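**Q** Have a look at the structure that comes next, please.
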Amino acid sequence: MMLSKTYNPREVEDKWYQYWLDKQFFKSTPDHREPYTIVIPPPNVTGVLHMGHMLNNTIQDVLIRRARMRGYNACWVPGTDHASIATEAKVVAMLKEKGINKKDITREEFLGYAWEWKEKYGGIILEQLKKIGASCDWDRTRFTMDADMSEAVIDTFVHLYNKGLIYRGVRMVNWDPQGKTAVSDEEVIYKEVNSKLYYVKYRIASEEENAERMSEDWITIATTRPETILGDTAVCVHPHDERYEHLIGKNVIIPFVNRVVPIIADTYIDKEFGTGALKVTPAHDINDYELGLKHNLQVIDTIDEDGKMSPAAQFYIGMDRFACRKQIAIDLEEKGFLVKTEEIKNKNGLSERTNAVIEPKLSVQWFVNMKELAKPALEVVLDGEVKLIPEKFTNTYRHWMENCKDWCISRQLWWGQRIPAWYNEDGQFVVAKTEAEAVEKFKIQNFKSNNLKQDEDVMDTWFSSWLWPISVFDPSVCKGVNQPSNEDLAYYYPTNDLVTAPEILFFWVARMIMAGKEFRGQVPFKNVYLTGIVRDKQGRKMSKSLGNSPDPIELIEKFGADGVRMGMLLAAPAGNDLPFDESYCEQGRNFANKIWNAFRLVKGWEVTENTAQTDNALAIEWFDARLNQVLVQLEEQFEQYRLSEALMSVYKLVWDDFCSWYLEWIKPPFGEPIDAKTYEATIGYFEKLLKILHPFMPFITEELWHELRERTEKECIIVANYPVANEVNTAIIADTNTIFELIAQIRTIRNTKQLSPKEVLPLAVKTADRSIYERFTHTITKLANTQAIVFVDEKVENAAGFIIDKDEFFVDLGNNIDVAAERERMLLELNYAKGFLKSVMAKLGNEKFVANANPEVVAAERKKQADAEGKIALLEQSIAQLS
RNA sequence: GGGAGCUUAGCUCAGCUGGUUCAGAGCACCUGCCUUACAAGCAGGGGGUCACUGGUUCGAACCCAGUAGCUCCCACCA
């Protein structure tokens, strides 16, 4: 049969993925086995696959495939997130292209368009996941706005509200006066701009303050927003500012409006900035708002939702805030209040959508009280019930959980679960799952219940995705604690591992833990593997706007899914950022090719029962030991989630140990058959290697698995048993290492003397114990291409030589030896050995070392001394004889 | 401003309890090879003041303190 010289991924990937699907290998239903469960971090429903997904889902697939092979009932639940902000923005943009403005259509119409959009684009990312080999149970695919998933969110809201953990409150939001909507913090872009800093003086009110008897004292504040002066309700200074200490507690008079407001003190103030005195406008600045809360200040909202001055401002009513800024500066100057202006640089928050300057604005929002929910969620991480990997994130997690503010869950959007609160005409409200229930509740409270209106806002997307690990199995249990659950939830929950990006540790991970404890009384997962962020070569985050993100699907076409998977994993230790470069995928592709060619070699052999095994038996014994050694190592590496290290271990085992050593060792001369025993063993090893490779490179391994032997329909590697480590034969490994070193030394001589690999070299050995060389004699002559070994009692004159342990080796090259160079080399080696001995003696000569160090360490040093002395003696002899 | 972390070879990173796995791996690089599985390959090789300065110790890449540079998260500059 003719096999291509290179591995061709395209021919095998789709074929096997479809095969796995057809045979339902990804499917999981509860049974007697122990479950191993992962829920996918649901990607944005309208999203397309990017490198972050690629990394994330490759890791999940490695874990799930390994678990499946190890006999667990592996269940990976896929799905998508409705992502209210992002999706709504996309739908709005799509409508705009059609010439439709969101403001001109009803909520129902808009949602119609949104669902249409979702149906059209919602499946893309999941289809892409199949291309990378993700072995999800697709029958379990979930969407956070599936009817029952949404119902769970509503139930959750009602439950928490009834428990007193959800409340309505005033909060400062980022108001976009152009879009006339609140935007999230993530949608505000801070941009440095040149601004003017206005120094304005306020008159200090006299003691028995009245307008007639004006004091002549002033305090000067500095502001970039003089138009908000009309809403000032205090002036604030630092409590230890000598310039102002005497003024604390007095009052000042706000220009124009002549409002009398207090001078308060707070350490929030930066004494160095401006004059060290701050005007406080609680309605239009987030910090001022906090100050207002702390010091009980009046809140005067002077700017309306269009960004124009409101009636409460008293002056400039209806004027745009920026026009007002210019005008008030002129007027302040005219009236003598303006001291000076300065040019400064500061940051402006701009709306990502409209580019309008964000106006901090107070509004009524819904909140979740985090105190009670955070406490158990912190405890389970601190006591290790939930493990964060890498561990360093525990500190960050703790800091956040101890200081977390209440969670604002209302969003001024339409795409999402609508807040189940109903209002009557008087502004009274109840929270209820349905309108009918709301009517009942109004009646109980004796409120008017006609003409009820539901709250216009929807809930934060995280308020649905925090239920994900529960609701994908049983959405009906989110009404409260200890609800009876279905079989799935009982079996799969808590899940095992969660794989996600550290950026959403707080947004999502922490909240899932809270929800898990609140609604199930149990954590949602045992381990959280936090991946790094995929960056480009220059260390920049990959982003659409930069255009620096390669398309994973294109990469797969170029390097094969296995190659890209391997490329992602190679350089991605947990929690470390991954500066991505295509060359990693190239390395992955090359590796796939290497495996392919090893297969071609083995497959091409003719097998015979009539040939003796010679020292192939040694090769088998050795490789078996190495394999066991690596299996033990893999166990540890997976235990610690060191996936890139695990992959590297397998990589080296396959490339170096199996291909470079083992196969070369047993490879029959061209045209000759291989003995059946060795062949069988080799196929067995190949199978084991494919198995441990399979979680990383699912496609090529499945392909070769079937090429290696005849299999029945369901005998696939995806469900084969993962190899178990046996006891490691360390003796054979040690002996073989000596032989390998010997071979390498001969190859080095060959290389430095520029001799062809085809030239057969003589080899003489001076040793006290011939047994090992006799045992490996075939191995040596074959792999180093030497004549039969000659044992000598005397040094071979004028031969190239080297020393391993106490044994001396000679390669007689006839005239082809440069005595001077040889001497030079030996002198160098001698020098090194002497230096080494010196450092060892320094240690041993140190009484404190001998007295304090562990006995084993001292013994080890003594052995070093003996070895070094032996080597020095040998070298000196050799040098003396080289003349 | 608050918090967390990083700095080891050209690049990406290991180095776990201070001492033979102590200075490592992969890639890149250099030299020689189209050797009958693979040039996407084979064989060999070079390369590091472990950021800097002190301290603890018989002994420090590792522990402690300080300095410099970098990254991330949160809060944001009136």
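The values are calculated or read from the model by the stated rules, or taken from the named source; none is laboratory data. From a predicted model like this one, the values you see are computed outputs, not experimental measurements. Cβ coordinates were reconstructed from backbone atoms using ideal geometry, including for glycine residues, and neighbour counts include every protein chain displayed. Heads up: the accessible areas ignore ligands, DNA and RNA and are worked out on the full protein's heavy atoms, side chains in. Shrake-Rupley method; radii C 1.70, N 1.55, O 1.52, S 1.80 Å.
**Q** Regarding the range A:749-795, what whole-number volume in Å³ per residue does the convex hull of its Cα atoms give? Mind showing how you got there, number by number?
**A** Numbers: hull volume 3.6 nm³, N = 47.
That works out to 76 Å³ per residue.
**Q** In chain A, with Lys and Arg counted as +1 and Asp and Glu as -1 at Cβ, which of these residues, A:199, A:160, A:45, has the Cα nearest the positive end of the dipole, that is, farthest along it?
**A** A:199
**Q** Which Cα, out of A:814, A:784, A:764, lies furthest along the positive dipole direction of the range A:741-818 (beta carbon charges, K/R +1, D/E -1)?
**A** So the residue we want is A:784.
**Q** I need the shape label for the range A:771-883. Rule: rounded when a/c is under 1.5, else prolate if a/b > b/c, else oblate, with a, b, c from the alpha carbon gyration tensor.
**A** Details: a/c = 3.40, a/b = 1.73, b/c = 1.97.
In terms of gyration-tensor shape, oblate.
**Q** Another one. Using DSSP to define loop residues, name the trypsin sites (Lys or Arg not before Pro) in the range A:83-132 whose beta-carbon has at most 14 other beta-carbon atoms within 10 Å.
**A** A:98
**Q** Order the following by accessible area, largest value first: A:19, A:492, A:268. Probe radius 1.4 Å; ligands, DNA and RNA are ignored. Let's see the in-between values first.
**A** Details: A:19 55, A:492 0, A:268 110 Å².
Largest to smallest exposure gives the sequence A:268, A:19, A:492.
**Q** Let me spell out the model: positive unit charges on the Cβ of Lys and Arg, negative unit charges on the Cβ of Asp and Glu, origin at the Cα centre of the range A:595-683. What dipole size does that give, in debye rounded to 20?
**A** 300
**Q** Tell me, what is the FRET efficiency for residue A:23 and residue A:597 to the nearest 0.05, using R0 = 30 angstrom and their Cβ-Cβ distance as r?
**A** 0.55
**Q** GluC sites (Glu not before Pro), restricted to the range A:685-756: which are DSSP loop and have at most 12 other Cβ atoms within 10 Å?
**A** Of the GluC sites (Glu not before Pro), the ones in loops of the range A:685-756 whose Cβ has at most 12 other Cβ atoms within 10 Å are A:710, A:713, A:715, A:727.
**Q** OK, next. Let me check I've understood the local charge: for residue A:193, count other residues with C-beta under 12 angstrom from its C-beta, Lys and Arg +1, Asp and Glu -1. What total comes out?
**A** +2
**Q** How big is the gap, in Å, between the Cα center of the range A:181-196 and the Cα center of the range A:588-614?
**A** Cα centres, the range A:181-196 to the range A:588-614: 63 Å.
**Q** Can you give the Kirkwood hydrodynamic radius for the range A:360-479, in Å, rounded to one decimal and based on Cα pairs?
**A** Kirkwood radius, the range A:360-479: 17.2 Å.
**Q** Exceeding 24 Å between C-alpha atoms, which entries from my cross-link table qualify? They are A:120/A:714; A:98/A:180; A:23/A:603.
**A** Those over the limit are A:120/A:714; A:23/A:603.
**Q** Moving on to the next point. Quick check: the distance between the Cα centres of the range A:264-286 and the range A:482-520, to the nearest angstrom?
**A** Cα centroid to Cα centroid, the span is 43 Å.
**Q** Just to be sure I understand: if I project the alpha-carbon convex hull of the range A:1-107 onto a plane and average over all orientations, what area do I get in nm²?
**A** Details: hull surface 49.0 nm².
Reported value for the Cα convex hull: 12.3 nm².
**Q** Right, next: When the accessible area of chain A is computed with all protein chains present and a 1.4 Å probe, what percentage of it is carbon and sulfur? Please list the in-between numbers first.
**A** On the way: 20140 of 40890 Å².
Roughly 49 percent, rounded to a whole number.
**Q** To two decimal places, what compactness ratio does the range A:594-701 give when its Cα radius of gyration is scaled by 2.2 N^0.38 Å?
**A** In units of the globular-protein estimate, the range A:594-701 measures up at 1.12.
**Q** What does the convex hull of the Cα atoms of chain A come to per residue, in Å³, rounded to a whole number?
**A** Looking at chain A, the number lands at 257 Å³ per residue.
**Q** Let me know the Kirkwood hydrodynamic radius for the range A:78-158, please, with Cα pairs as the basis and the value in Å to one decimal.
**A** Final number for the Kirkwood radius of the range A:78-158 is 14.4 Å.
**Q** Within the range A:619-703, how many lysine pairs that are 8 or more places apart, or on different chains, have C-alpha atoms less than 19 Å apart?
**A** Going through the range A:619-703 pair by pair, I get 4.
**Q** Compute, for chain A, the length of the dipole vector about the Cα centre, with Cβ point charges of +1 (Lys, Arg) and -1 (Asp, Glu) only. Units Debye, rounded to 20.
**A** Rounded to the nearest 20 debye, it is 540 debye.
**Q** Another question, if that's okay. Could you tell me the center-to-center distance, by alpha carbons, between the range A:292-316 and the range A:19-68 in angstrom?
**A** 53
**Q** Mind pulling the per residue volume of the convex hull built on the Cα atoms of the range A:543-627? Å³ is fine.
**A** Spread over its residues, the Cα hull of the range A:543-627 gives 125 Å³ apiece.
**Q** Hand me the chymotrypsin sites (Phe, Trp or Tyr not before Pro) from the range A:635-695 located in a DSSP loop with no more than 11 other Cβ atoms within 10 Å, in residue order please.
**A** Qualifying residues, ordered by number: A:670.
**Q** Counting alpha carbon pairs within less than 8 Å and at least 6 residues apart, what relative contact order, in whole percent, applies to the range A:759-819? Display every interim value, and only then the final one.
**A** Details: 90 pairs, mean separation 26.0, N = 61.
Reported as a whole number, the value is 43 percent.
**Q** Something else now. Over all Cα pairs of the range A:299-395, how is the pair count split among 10 Å bins, expressed in % and running from 0 up to the last occupied bin?
**A** 11, 23, 23, 15, 14, 12, 2
**Q** What does the accessible area per residue of chain A come to in Å², with a 1.4 Å probe and no ligands, DNA or RNA counted?
**A** I get 46 Å² per residue for chain A.
**Q** Within the P(r) computed for the range A:676-827, what percentage of the Cα pairs occupies the region above 27 Å?
**A** Roughly 46 percent, rounded to a whole number.
**Q** When a/c is below 1.5 the answer is rounded, else prolate if a/b is larger than b/c, else oblate, so apply that to the range A:221-297 with a ≥ b ≥ c taken from the square roots of the Cα gyration tensor eigenvalues.
**A** Values: a/c = 1.38, a/b = 1.28, b/c = 1.08.
In terms of gyration-tensor shape, rounded.
**Q** Toward the positive end of the charge dipole of chain A, about the Cα centre and with charges on Cβ (Lys, Arg +1; Asp, Glu -1), which of A:309, A:239, A:746 goes farthest?
**A** Working it through, the farthest residue towards the positive pole turns out to be A:309.
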